[in-house]
1. Quick one: what pairs do we get from segment B:73-95, first residue of a type outside the set (Val, Ile, Thr) and assigned to a loop (DSSP other than H, G, I, E, B), second at pLDDT below 90 and buried (at least 19 other Cβ atoms within 10 Å of the Cβ), C-beta under 6 Å, 6+ apart or different chains?
2. Considering (1) in contact with a Cys (Cβ under 6 Å, 6 or more places away or on another chain); (2) more than 28 Å from A:LYS155 (Cβ to Cβ), say which one A:ARG114 fails and leave the rest.
3. Just the residues that are more than 19 Å from A:HIS135 (Cα to Cα) and either at pLDDT 95 or above or of a type in the set (Ser, Thr, Tyr) (or both), please, taken from segment A:1-39.
4. Go through segment A:129-146 and report how many residues are more than 10 Å from chain B (Cβ to nearest Cβ) and not charged (D, E, K, R).
5. Give B:ALA38, B:ALA70 a once-over and let me know the one that is surrounded by fewer than 20 Cβ atoms within 10 Å (Cβ to Cβ), in contact with a strand residue (DSSP E or B) (Cβ under 6 Å, 6 or more places away or on another chain), of a type outside the set (D, E, K, R) and closer than 30 Å to A:ILE140 by Cβ.
6. Please state which one of A:LYS149, A:LYS155, A:LYS167 is surrounded by fewer than 20 Cβ atoms within 10 Å (Cβ to Cβ) and within 12 Å of chain B (Cβ to nearest Cβ).
7. Taking the conditions exactly as written (without any contact (Cβ under 8 Å) to a residue 24 or more places away in the chain, in a loop (DSSP other than H, G, I, E, B) and more than 14 Å from every other protein chain (Cβ to nearest Cβ)), does A:ALA207 satisfy them or not?
8. Can we say B:GLU186 is more than 12 Å from chain A (Cβ to nearest Cβ), of a type outside the set (Gly, Ala, Ser) and over 18 Å from the mean Cα position of the chain (by Cα)?
Number of protein chains: 2
Amino acid sequence: MSTTVPVVERVLSANDAVAAEVRARLDGLGIYCVNLMASPGAGKTSLIERTVAALKGEIPIGMINGDTSAAAFDAERGQTAGAAAVHVNTGGKCHLEASMVRDALALLPLERIRLLLVENVGNLVCPMSWKLGAHANVLISSVAEGDDKPYKYPKMYAGVDVLVLNKIDLLPHVDFDRGRFLRGVEALNAGLRSFELSCRTGEGLEAWLEWLREQTRRAR
Amino acid sequence: MSTTVPVVERVLSANDAVAAEVRARLDGLGIYCVNLMASPGAGKTSLIERTVAALKGEIPIGMINGDTSAAAFDAERGQTAGAAAVHVNTGGKCHLEASMVRDALALLPLERIRLLLVENVGNLVCPMSWKLGAHANVLISSVAEGDDKPYKYPKMYAGVDVLVLNKIDLLPHVDFDRGRFLRGVEALNAGLRSFELSCRTGEGLEAWLEWLREQTRRAR
């Protein structure tokens, strides 16, 4: 079910209206939706794979994967793991837009889905400006990216609802000052709900899964 | 000398004309210019720090650092290492434009510089569309990002003149299939000049420095 959705130019205010429309649709269906944002290689697709595999048989999951090209590798990874996946080609744009999500919804078996994972384009700048109608905006950071990222991308860190710090298995091998990173996060987004985990080893995943279970339950 | 350069809206064709202007200016001055592109956390600033420190007293270096905000951390790191650095606030844009480089040149002691390192905004999508007038477009990848990146960002990998694969010290600790990565690169950009190195340990840096020395010599 990997399908390319056509893209149209829209301005931000028009986008917000469509995002509200998407949200209303999801709420009507009782689907909890998460917008996953990160820089390339932080682990968006790996987290989706892990999540889908872990919740299989428990929560039916849909996935919308935004990519700047027609290459549908990530959607295929989500699909292989067990999600109903739709690939969205943004046509070179560095973010998803609400209209792309709306159009992708038409290709998903919504009546069977309880949790929708939207994988945004790998980018720490543009995606934050475009509301998608998701219930939670989640930023995935990786310890391999360095502890300076909250200071470099304040708009992203200030705007998200949840933070996932991935690749903690690499902590012994990189110069990552966890204190400096967390101080930056706290200054921008006090009390931000955060998960520290490793998609590679599975460490810390359970807390993330439990949070998703809880949100999905509440959305019914 | 960390300074914010004002940003104006320009279209791509107008951008190309300014890029040609920048290039002519650099050629007239005998300055070799490199445009460094990468996703956030791949090591652009670390490579600049290492390069500036290693070539200190040998090649006078200027640095133009593009960031989406007024935060000038990276420009300061370059300056501390010994470069004449100018910080460019792109005003939220996810790429540098030729006009930003042109305006930044006015703030650099060009008569004293032989090598100009331009650090683009951390992004694998937008920067490739905007020529800056640099002599070489360099992509910095990190093994921590995963071996699928050439397949995910073909436009970037196909369009660059040089590839730096950074963080090779992490190879024993990540699932990075070097063969898969290099096959992807070769399919998109056959014979691409590549350097594999670690800014953390210094391994492999010498070949990169030697290449920069050679290019800088030729530009005189």
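1. Listed pairs, sorted by first residue: B:GLY92/B:THR68; B:CYS94/A:CYS94; B:CYS94/A:VAL125; B:CYS94/A:CYS126; B:CYS94/B:CYS126; B:HIS95/B:CYS126.
2. Single failed check for A:ARG114: (1).
3. A:SER2, A:THR3, A:THR4, A:SER39
4. The total comes to 10.
5. When all the criteria are applied, what remains is B:ALA70.
6. Checking each option against the conditions leaves just A:LYS155.
7. Spelling it out, it is not the case that A:ALA207 is without any contact (Cβ under 8 Å) to a residue 24 or more places away in the chain, in a loop (DSSP other than H, G, I, E, B) and more than 14 Å from every other protein chain (Cβ to nearest Cβ).
8. Here the answer is yes, as B:GLU186 does meet what is asked.
The values are calculated or read from the model by the stated rules, or taken from the named source; none is laboratory data. Note that the structure is predicted; figures quoted are calculated from it, not measured. Note that each Cβ is placed from the backbone with ideal geometry, even for glycine, and that neighbours are counted across all protein chains shown.
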